[in-house]
Amino acid sequence: MSASHVIIGDGIAGSSAAETIREEDPDADITVITDEGEALYNRILIKEFAKGKLPEAPISIHEPEWYEERDIDLQLNTHVTTIDTEDNEVLTHEGTVYEYDKLLVATGGTPASLASFGIDNADADGIDHFWTFQDARSIKENVEAADQGIIVGAGLLGIDLAAICGAQDLEANYLMRGECWWRYALDTEGAEILHEAMRERGVTPVFDSGVSEFETDDDGRVEAAIDPNGERYEGDWAGVAIGLSFNTEFLQDTPVETNDDGVVTDEYMRTNVDDVYAAGDLTWFYDTILGEMGQNGSWGSAKEQGSIAGQNMVEDLEAGGETDDPEEFRWVSSYSITHFDFPFLSFGHPTIGDDDAARKYSDTEWRRLAFDDGKIVGGVLIGDLSQQSKFKKLMREEREVAQHKDLLLEEDVDMDKLEEATPKPE
């Protein structure tokens, strides 16, 4: 009898798992369930579509035929209501039941709304959140029609909204809670490079701000934002990017362990419940590099997690339990931005750590490294990305290098000197 694998979610994590399972087990029954109405697309490129730089066609990764060719049953527009971990069943909103031998949860998240923080009119017409392809379509249409924009959320998705406004020639105020953009990963000197690039494109950063309420017109459409200081910023379109709420509602009445950071897994993408795995943005997993639990929301990380989960699902099933030699997720993520005349890249976990080192090299070149217990745990590179592979290598090897900040901040890092001065841990 063929093994039955059910995957909830058709993002890059779920799709990667399905592809790996098919490669590992040509005879397996594979079902992919997604509540979206279209198959896997490139979440990285949808911002280029919203900017008006790309048509829709290049953004799709898998057409339905891709699943058919691999004998993968793709169920679109299907919402999972609950799972029964005792009988190994998945139940959908239509009452359909899918039985599984192994189950993967890869449902990702939904953009958090300011309404959940008690902000009046946070769901008014003309206010967009940014996560799905459908979101990108709405943003593109609304930005093209707007006269003035408002952006909320000083993180990696928020700056995408700023770039979309700049590309569509929509002047906007970017309301930030702190003293600079992405204040947990950058200092004011590094962030100012991004601020200036925004200003050149008609987007004005507003610091120590945010939103206490939105005002609407008689038709219920947004017309202004009031910040906590009482300042009023007019805008007939607003883009909000304040993080994700993870899609774990269907797990609430199950023994699968979840928390505010998503689904808890080990380094093999296994949950605490037999036969249930998780991958992608919603995993709160054991990070073998950090030596502690962590989260990683990058595209590359989600793809690797999906592949690891798929392989372990097949091998665990063949072993009749947990295989003695599971695949381990060990990954240094990276996230790049190409909105401006200079490149930007973050890697690892630049918002954590107990120490850091930063240096500005030119008006568009800056570097910051974050350390914890002397080891690199993340960083941000602006302008010159040539040293990223060196830093990632040092991070993977868990070398204690913080005492050599002078070497790490050289424009061209001398790895021979560093490796000689910091022996690789056993």
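The values are calculated or read from the model by the stated rules, or taken from the named source; none is laboratory data. Since the model is a prediction, treat every value here as computed from it, not as a measurement. Here Cβ is always computed from backbone atoms with ideal geometry, including for glycine, and neighbour counts include all displayed protein chains.
General observations
- Across segment 278-295, the qualifying residues are those that are touching a residue at least 60 places away in the same chain (Cβ under 8 Å) and in contact with a strand residue (DSSP E or B) (Cβ under 7 Å, 6 or more places away or on another chain), and the one among them that is nearest to GLY262 (Cα to Cα) is LEU282.
- Check on ASP341, over 20 Å from the mean Cα position of the chain (by Cα), over 21 Å from SER301 (Cα atoms), surrounded by fewer than 18 Cβ atoms within 10 Å (Cβ to Cβ) and not assigned by TED's automatic domain parsing to the domain that holds TRP182: yes
- When residues in segment 154-170 are screened for being within 21 Å of ARG232 (Cα to Cα) and touching a Lys or Arg at 6+ places or on another chain (Cβ under 9 Å), 4 of them pass.
- Scan segment 230-253 for residues that are assigned to a loop (DSSP other than H, G, I, E, B) and surrounded by 15 or more Cβ atoms within 10 Å (Cβ to Cβ) and the total you get is 6.
- Tally of residues being buried (at least 20 other Cβ atoms within 10 Å of the Cβ) and either of a type in the set (Gly, Ala, Ser) or in contact with a Pro (Cβ under 8 Å, 6 or more places away or on another chain) (or both) across segment 123-148: 5
- Under the condition of being assigned to a loop (DSSP other than H, G, I, E, B), over 22 Å from the mean Cα position of the chain (by Cα) and either basic (Lys, Arg) or within 19 Å of ASP287 (Cβ to Cβ) (or both), the residues counted in segment 299-338 number 2.
- THR351 being surrounded by fewer than 14 Cβ atoms within 10 Å (Cβ to Cβ), under 22 Å from the mean Cα position of the chain (by Cα) and not small (Gly, Ala, Ser): no
- One residue from ASP128, ASP135, ASP73, ASP84 being charged (D, E, K, R) and touching a helix residue (DSSP H, G or I) at 6+ places or on another chain (Cβ under 6 Å): ASP128
- Filtered residues of segment 57-78 (kept if exposed (fewer than 14 other Cβ atoms within 10 Å of the Cβ), on the phi < 0 side of the Ramachandran plot and either in contact (Cβ under 8 Å) with a residue 24 or more places away in the chain or touching a Gly at 6+ places or on another chain (Cβ under 9 Å) (or both)): GLU63, PRO64
- Selection status of VAL377, under 27 Å from HIS339 (Cβ atoms), out of contact with any Phe, Trp or Tyr (no Cβ under 7 Å at 6 or more places or on another chain) and of a type outside the set (Phe, Trp, Tyr): no
- Test: residue in segment 29-52 that is in the same structural domain as GLY310 (by TED's automatic domain parsing), among the polar types (S, T, N, Q), crowded, with 22+ Cβ neighbours inside 10 Å and modelled with pLDDT of 90 or more: yes
- Some residue of segment 365-376 being over 27 Å from ARG201 (Cα atoms), of a type in the set (Asp, Glu) and in contact (Cβ under 8 Å) with a residue 24 or more places away in the chain: yes
- Answer residue from segment 69-110, given it is more than 16 Å from VAL263 (Cα to Cα) and among the hydroxyl-bearing types (Ser, Thr, Tyr) and is farthest from the chain's Cα centre (by Cα) among those: THR96
Yes/no matrix, rows are residues, columns are (1) of a type in the set (A, V, I, L, M); (2) surrounded by fewer than 15 Cβ atoms within 10 Å (Cβ to Cβ); (3) part of a helix (DSSP H, G or I):
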residue: VAL380; (1), (2), (3): yes, no, no
residue: LEU385; (1), (2), (3): yes, no, no
residue: LYS390; (1), (2), (3): no, no, yes
residue: HIS404; (1), (2), (3): no, no, yes
residue: GLU411; (1), (2), (3): no, yes, no
residue: ASP416; (1), (2), (3): no, yes, yes
residue: GLU419; (1), (2), (3): no, no, yes
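Listed here are the residues, each with its yes/no results for (1) without any contact (Cβ under 8 Å) to a residue 60 or more places away in the chain; (2) of a type outside the set (Phe, Trp, Tyr); (3) out of contact with any Asp or Glu (no Cβ under 8 Å at 6 or more places or on another chain).
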residue	(1), (2), (3)
GLU234	no, yes, no
SER245	no, yes, yes
VAL264	yes, yes, no
MET269	no, yes, yes
GLY297	yes, yes, no
